[in-house]
Amino acid sequence: MSDRFTLENIPTPAFVVDMEALRKNASILKDVADRSGAHILLAQKAFSCYATYPALSKYLAGTTASGYHEARLGYEEMGKPFGKETHVYAPAFTSEDMDKLLPICDHIIFNSISQWKTHRDRALSFVKSTRAAAGSGSTEDPSSSKEANIPSFGLRINPEYSEIETDIYNPCVKGSRLGILRELIERELGAGSPVTAEIWDTSVFSGIEGLHFHTHCEQGFGPLSRTIRVIEERFGDLLSLPQIKWLNLGGGHHITKEDYDREGLISEVKRLSEKYNVTVYLEPGEAVAIDAGYLIGTVMDIVENGMKIAILDVSAACHMPDVPEMPYRPPLKSAFDAEEKPYTYRLAGNTCLAGDVIGDYSFEEELHVGDRLYFLDMAMYTMVKDNTFNGMPLPSVWLLEEGGDAVNIKKFSYDDFKARL
Ligand SMILES: *Cc1c(COP(=O)(O)O)cnc(C)c1O
């Protein structure tokens with residue numbers, strides 16, 4: 001037997017990242033970036049398979065992170081080796097987080113005015129001392145300032161407008177902790193609109209150079225353009241300030257989907273950049289890794305209870321937690337809706353959870369113990385979320401290269417289960 005692995009003989013359970021599909025997504029994003037001037041970052045919370053970062057770094061401006069661990073990963077695996085940007089946002093940071101983030105992040109985004117106040121002195125004095133140290137070396141050499149990282153600080157705003165219909169994914173629902181309301185900025189300044197450069201400079205906001213919003217989820221350009229209209233209405237005076245140098249439009253933009261209005265996005269980015277003199281950032285997760293991977297499982301048993309139920313070595317609860325959470329039925333290769341073809345099965349996981357059900361599917365042929373099943377679109381929000389509930393083994397991780405060779409990059413064992421407990 002040769003030791004060449006392909007999609008067909010990888011031992012299961014396994015995640016496989018399809019490098020050709022990933023590069024295709026990334027090249028679409030690069031084209032949008034090149035033509036619009038936007039900086040496009042990978043949101044690592046969707047996809048942190050850093051073995052692909054050398055490939056992705058050819059197309060993307062860098063990474064963004066949901067906290068210190070992701071920021072460090074982005075810096076170590078893309079920022080530092082490939083000279084790319086490292087961004088971070090979190091609902092709250094500790095002082096210890098801040099000490100570790102300041103030297104490695106290009107942008108640090110604060111979720112509240114109180115978080116900015118908590119970290120402002122530390123942040124601004126880091127910038128000051130880094131500038132002084134850089135300045136004492138070779139003077140106007142721009143490459144020396146790239147060596148010494150000078151972070152830029154921003155605020156996440158809540159425009160109180162989102163077209164997301166699922167509440168758990170909507171950061172603008174009433175009672176949301178995510179982002180700063182316009183009225184709180186007003187209250188802090190004790191001044192009416194519009195805010196002027198002088199008011200900004202003499203307030204606690206001096207040192208803030210960017211605004212960020214994240215109010216989309218799997219959406220097209222229409223919702224973005226309507227959201228931007230609301231943001232210009234509510235925050236246009238801040239965007240017009242000379243102190244505000246960047247605007248981050250967050251993630252949730254389905255830019256790599258066939259029907260996404262990329263020309264609309266490109267002209268909107270250009271318009272915003274010109275009108276407000278800002279650099280525009282986009283930080284998609286899903287759009288980078290959509291349709292770029294498989295989760296391969298094997299049928300372990302078939303039981304009956306009013307219908308046929310196949311028990312697999314992959315679990316919805318452990319390996320695709322968005323399936324029960326969203327909920328949705330993931331696409332499966334060579335399978336159809338229940339009852340559409342002669343043989344219908346419920347596919348379920350090898351855990352004790354009654355609800356560990358992936359979905360009901362029908363097939364042209366009967367399923368047998370030992371058959372392999374290929375779940376599609378399994379690169380994003382899977383590996384980053386999987387868990388060892390019930391002591392379930394974690395799927396190994398593979399890269400499928402363009403010639404069809406599969407290369408193993410991770411294997412997990414009992415030790416990985418034990419180490420976390
Ligand atoms: C989740 C998230 C993203 C990425 O969202 P996708 O839907 O995967 O594109 C980007 N930015 C922030 C702040 C997020 O919370």
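Values quoted throughout were computed directly from the atomic coordinates according to the rules given, and no laboratory measurement underlies them. Just so it is clear, the structure is predicted and the values come from calculations on it, not from any experiment. Using ideal geometry, Cβ is built from the backbone for each residue, glycine included, and neighbour counts are taken over all protein chains shown.
Computed values, structure above
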| item | result |
| --- | --- |
| Ranked 307, 326, 98, criterion: other C-beta atoms within 10 Å, fewest first | 307, 326, 98 |
| Whole-Hz couplings from phi, Karplus 6.51/-1.76/1.60, listed for the stretch 77-92; x for Gly and Pro | 9, 10, x, 6, x, 10, x, 9, 7, 10, 10, 8, 9, 8, x, 7 |
| Kirkwood Rh and Cα Rg combined as Rg over Rh, evaluated for the stretch 115-233 | 1.07 |
| Shape metrics for the stretch 273-365, restricted to C-alpha atoms - Rg then Dmax, Å | 18.5, 64 |
| The stretch 37-289, relative contact order in percent, only Cα pairs under 8 angstrom and at least six apart counted | 20 |
| Sum of -39500 (n - 2.57) over DSSP H runs of 4+, divided by residues of the chain (222 nm, nearest 500) | -9000 deg cm²/dmol |
| Residue among 151, 172, 239 farthest towards the positive dipole end of the stretch 37-289, charges placed on Cβ | 151 |
| Cα pair distances in the stretch 1-50, grouped into 10 Å bins until the bin that holds the longest one, percent each | 19, 38, 25, 14, 4, 0 |
| Rg/Rg_globular for the stretch 21-154, with Rg_globular taken as 2.2 N^0.38 Å and Rg from C-alpha atoms | 1.10 |
| Burial ordering of 105, 217, 352, fewest other beta-carbon atoms within 10 Å first | 352, 217, 105 |
| Unsatisfied cross-links (Cα-Cα over 24 Å) in the set 30/128; 100/411; 385/411 | 30/128; 100/411 |
| Residues 187, 329, 262, 420, sorted so that the one with the fewest Cβ neighbours within 10 Å comes first | 420, 187, 329, 262 |
| Cα→Cβ-extended label distance, 7 Å offset, between residue 301 and residue 168, nm | 2.9 |
| Net dipole in debye of the chain [+1 Lys, Arg Cβ; -1 Asp, Glu Cβ; about Cα centre; nearest 20] | 1340 |
| Taking all pairs of distinct alpha-carbon atoms in the chain, Kirkwood radius in angstrom | 23.3 |
| Size of electric dipole in the stretch 32-143: Cβ of Lys, Arg +1 and of Asp, Glu -1, about Cα centre, debye, nearest 20 | 160 |
| GNM result for the chain, Cα springs below 10 Å: residue of 376, 189, 238 fluctuating most strongly | 189 |
| Principal semi-axes in Å for the stretch 328-415 [√(5λ), Cα gyration tensor, largest first] | 25, 19, 12 |
| Cα Rg, Dmax (largest Cα-Cα span) when computed across the stretch 202-361, Å | 22.7, 72 |
| Considering only the chain, percent of DSSP beta bridges that pair antiparallel, nearest 5 | 40 |
| Listed residues 30, 58, 275, most fluctuating in the chain (Gaussian network, C-alpha, under 10 Å) | 275 |
| At least 20 Å along the helix axis (C-alpha) and Kyte average at least 0.0, DSSP helices within the chain | 221-239 |
| Extension reserve of the residue 340-residue 277 stretch, reckoned as 0.36 nm per residue once the Cα distance is removed | 17.2 nm |
